[in-house]
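See structure below.
The values are calculated or read from the model by the stated rules, or taken from the named source; none is laboratory data. Note that the coordinates shown come from a computational prediction; the quantities given were computed from them, not determined experimentally. Every residue, glycine as well, gets a Cβ built from its backbone with ideal geometry; the counts of neighbours run over all protein chains shown.
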């Protein structure tokens, strides 16, 4: 007995809803550490605004003075903040299934049928098809979203600018969030030039140390998230070894073991100032697709996530779209959408370095 078109639409909506509910986007695979970190600290913003506006403090205008006896006390007027404006954007992913495709997959549908006495085999076939469609919709959308949140936004005029825009390898160039990057206080920290990895004389160690101290100097707190590409991680590991450094981290709850390959997934086992350096394999995908001047696989980022935030618009945070079929076609439609911005309130709280 055939399914009715309405039953198929409902089944698809249910499969999509259950897949998103039971496989929440926040619990994505280890191979996407950047978007996982963003989703962990996201904060919704209201609608009705053209941009996400963040107040940025760039000076204190202190009127500090020493006094004695009846010295005159002086007061001044202060204007210590500027507004950083981040355009929010909208992204979408979706697919359709026609009645003909369903029939070819062994799922018989009659637009005006009654849907009774459906065989178990037909139910299983429908469930398998809907589950696969829901899975690839979410995973495919997250793959592209993850990449977009790394890129600088120039790849598409409708895209939200990502990390490469906020923490730039040329921090003094251009305008970021409406504020000129020629302002020294509105520049992220960087290595200044490619870091070298020659044993004992390489600058990779001193460059990272300088970057770490600069981040702490300006932000008053240290970076809490580090990620790097394959080439940087392998070069750092080799530099540690060639320079005679030994890194052993013990977990009191586990047997004490020394294993050079301590990582799993994006976990590398390498730490810097107590923070694990996460390998981001997406960097290699970006190198293949865009061939940037400074390859992503050679980069390392010290990020202070207290000052960098994903801001989805309330009610539009990775929601399922379930439009009804139209009278113009016999297709079923399912989708996913997101609206929001990636914002930062302090550029000099972050560092990016890269090897030659």
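Numbers at a glance
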read-out	value
Top-ranked residue in segment 258-275 [being out of contact with any helix residue (DSSP H, G or I) (no Cβ under 7 Å at 6 or more places or on another chain) and modelled with pLDDT of 80 or more; ranked as farthest from residue 234 (Cα to Cα)]	274
Residue match in segment 119-127 (condition: within 21 Å of residue 336 (Cα to Cα), at pLDDT 70 or above and in a helix (DSSP H, G or I))	yes
Any hit, segment 241-254, residues being at pLDDT below 85 and assigned to a strand (DSSP E or B)	no
Segments classed as strands (runs of 3 or more DSSP E), wholly inside segment 14-102, with at least 2 members that are at pLDDT below 80 and surrounded by 14 or more Cβ atoms within 10 Å (Cβ to Cβ)	none
Count - residues of segment 191-226 that are touching a helix residue (DSSP H, G or I) at 6+ places or on another chain (Cβ under 7 Å) and in a loop (DSSP other than H, G, I, E, B)	7
Strands (runs of 3 or more DSSP E) wholly inside segment 309-356 containing at least 2 residues that are modelled with pLDDT of 90 or more and either closer than 30 Å to residue 185 by Cβ or touching a strand residue (DSSP E or B) at 6+ places or on another chain (Cβ under 9 Å) (or both)	331-344, 351-354
Segment 79-109 - residue that is in contact with a helix residue (DSSP H, G or I) (Cβ under 8 Å, 6 or more places away or on another chain) and without any contact (Cβ under 8 Å) to a residue 60 or more places away in the chain and, of those, farthest from residue 51 (Cα to Cα)	106
Residue selected from segment 279-300 under the condition touching a helix residue (DSSP H, G or I) at 6+ places or on another chain (Cβ under 9 Å) and more than 12 Å from residue 147 (Cβ to Cβ), by the criterion surrounded by the fewest Cβ atoms within 10 Å (Cβ to Cβ)	292
Number of the exception - residue 158 against (1) surrounded by 15 or more Cβ atoms within 10 Å (Cβ to Cβ); (2) in a loop (DSSP other than H, G, I, E, B); (3) touching a strand residue (DSSP E or B) at 6+ places or on another chain (Cβ under 8 Å)	(1)
Yes/no for residue 196 being in contact with a strand residue (DSSP E or B) (Cβ under 9 Å, 6 or more places away or on another chain) and surrounded by 14 or more Cβ atoms within 10 Å (Cβ to Cβ)	yes
